[in-house]
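Worksheet: the structure to be examined is printed underneath.
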Amino acid sequence: MTTTVRTQVAIVGAGPAGLMLAHLLGRAGVESIVIDDRTRDEIEQTIRAGILEQGTVEALLASGVDTRAHEVGARHDGIELRFEGAGHRIDFADLVGRGVWLYPQHEVLQDLLGTLLPAGQDIRFTTKAERVEDVDSTQPKVIAVDADGGTLEITADFVVGADGSHSVTRKAMSGSHNGLYREYPFAWFGILCEAPPSAPELIYSNSPNGFALISQRSDTVQRMYFQCEPTVDPNAYSEAELWEILQSRVPGTTLKEGRIFQRDVLQFRSFVARDLRRGRVALVGDAAHTVPPTGAKGMNLAIADVLLLDRALQAFFHDNDTRLLDAYEQTALHRIWKAQNFSWWMTSMTHQMPEASGFDRMRQLGELRSVTDSRAGRMYLAEAYTGWPVDLHI
Ligand code: PHB
């Protein structure tokens, strides 16, 4: 059975990028259909990034998303960079007058779905996009399979791929060799545990044994990561071993331990798609780029793409003006490559490369000192971490 529907904008993927775009377009009277192969519960429970730039929270609020970032989230005005057994605070408030919010991605997704579904937004869960067709026409199509195995064909004036790093939309636009990337010789082992916070702010720690990040979720649940081999089995370690590794990665501080109730391994990759737009098809979020998690940029970049594309699509649908659409790729790439650089830099400065020589190790400590000893150094980190301004005229 094939069902055919038509809409102005077909959005593939109900992650933060796809849902935020549907929300912004809906407010401006542009109709869209969002599809995702996951159930609503799966979407709302996916454990992902935890940090929102201040500008991202402001964009959610300004656009009328019913966000609980201010109630459930926590504002952080700094982070600690730790190396050689000592902590060095990067004071965002003092350096750049801005901050970030610790507010996990699944909470943002709950906010977006809680705003969109009551407003009648067409979101089709358990509907898997198989391919995008007629990319070079004025009526591109998304072909999908629904939960019952039926075919759904969505004909649209515009298709947006918000379908993550394995994007089928990107494949239709650019084929398989579709971007610039770099791999890293390590991954992150992540845990969630039942414990109070070990420190008031996040700790990014460079230790001779490898990197660790001591992040948080709430007063009673903490998120922590340590650098590991990309092939490690999440069940390879006992809880006692995990605590021993984590403690050894933050010399000079003592972590508060508690029951570990989730563990996962995050692969590291940097990627930027070759084409962000082709005719009436465009990419946003992880479909367009992947960053390693060290700079906490992933979800923020996705929202920044969406703010640009929303404005371009409004000009297109309301005024038949394609200038912003024509500029989308260039404008988005400007920010994306700055974020790529920052994420790569934070990673390279804090992780141990397997092949590092004695020289490399000493140079890395010199680099960390250049950042923490100097107001200009700290200020660059603070500016990039809290986020370059997003235009909020939405
Ligand atoms: C997290 O809490 O999941 C988190 C925080 C900061 C990062 C990456 C991940 O840089």
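Here are a few things to note about the model shown:
- A compact globular protein would have a Cα radius of gyration near 2.2 N^0.38 Å; the ratio found for the stretch 264-394 is 1.27.
- For the stretch 6-138, size of Cβ-based charge dipole, Lys and Arg +1, Asp and Glu -1, in debye: 100
- The residue among Thr151, Thr138, His88 whose Cα reaches farthest toward the positive pole of the charge dipole of the stretch 66-169, with charges on the beta-carbon of Lys, Arg, Asp and Glu, is His88.
- Of all accessible heavy-atom area on the chain, the percent that carbon and sulfur account for (1.4 Å): 50
- Between the stretch 58-93 and the stretch 219-250, the Cα center-to-center distance that results, in Å: 23
- Once C-alpha pairs closer than 8 Å and six or more residues apart are averaged by separation and normalised to the residue number of the stretch 278-342, the relative contact order reads 32 percent.
- Of the GluC sites (Glu not before Pro) found in the stretch 266-370, those that fall in a DSSP loop while having at most 12 other beta-carbon atoms within 10 Å are Glu355.
- Comparing His289, His106, His334 in a Gaussian network model of the chain where C-alpha atoms under 10 Å apart are linked, the largest mean-square fluctuation is found at His334.
- Cα gyration tensor shape for the stretch 12-80, rounded if a/c is under 1.5, else prolate or oblate: oblate
- Candidates Trp101, Trp243, Trp344, ranked by Gaussian network fluctuation over the chain, Cα under 10 Å, top entry: Trp243
- Between 0 and 90 degrees, the angle of helix 298-319 with respect to the longest Cα principal axis of the chain falls at about 20 degrees.
- Debye equation applied to the C-alpha atoms of the stretch 207-296, log10 I(q)/I(0) at 0.18, 0.23 Å⁻¹: -0.90, -1.26
- Ignoring lysines fewer than eight residues from Lys128 along the same chain, the ones with Cα atoms less than 21 angstrom from its Cα are Lys141, Lys171.
- Mean Cα-pair separation over length for the stretch 111-216, i.e. relative contact order, pairs under 8 Å, 6 or more apart, %: 14
- Relative contact order (percent, whole number), the chain, Cα cutoff 8 Å, 6+ residue spacing: 21
- The length gained by stretching the chain between Glu241 and Asp264 to full extension, at 0.36 nm per residue less their Cα-Cα distance, is 6.8 nm.
- Accessible surface for the chain, divided over its residues, is 41 Å² per residue with a 1.4 Å probe.
- The stretch 152-233 - Rg (one decimal) and Dmax (whole number), Cα, Å: 19.4, 55
- Estimated translational D of the chain in µm²/s (Stokes, Kirkwood radius over Cα pairs; 10 °C; 1.306 mPa s): 73
- Cα-based helix-to-principal-axis angle, 105-116 vs the chain, degrees rounded to 10: 30
- Gyration tensor verdict on the stretch 101-202 (Cα atoms; rounded if a/c is under 1.5, prolate if a/b is larger than b/c, oblate otherwise): oblate
- Prolate/oblate/rounded call for the stretch 236-283, Cα gyration tensor, a/c under 1.5 rounded: prolate
- Per residue, the chain reaches -11000 deg cm²/dmol at 222 nm when only DSSP H runs of four or more residues are counted, each adding -39500 (n - 2.57).
- Most mobile of Ala129, Ala69, Ala327 in a GNM of the chain (Cα contacts under 10 Å): Ala327
- Taking Cα atoms only, the orientation of helix 323-350 departs from the longest principal axis of the chain by about 20 degrees.
- Positive-end residue, the stretch 143-283 charge dipole about Cα centroid, Cβ charges, pick of Ser207, Met224, Pro251: Ser207
The values are calculated or read from the model by the stated rules, or taken from the named source; none is laboratory data. Computed from a predicted model, the values in this text were never measured in an experiment. Ideal geometry is used to build each Cβ from the backbone, glycine not excepted, and the neighbour counts take in all protein chains shown. All accessible areas refer to the heavy atoms of the entire protein, side chains included, with ligands and DNA or RNA removed. Shrake-Rupley method; radii C 1.70, N 1.55, O 1.52, S 1.80 Å.
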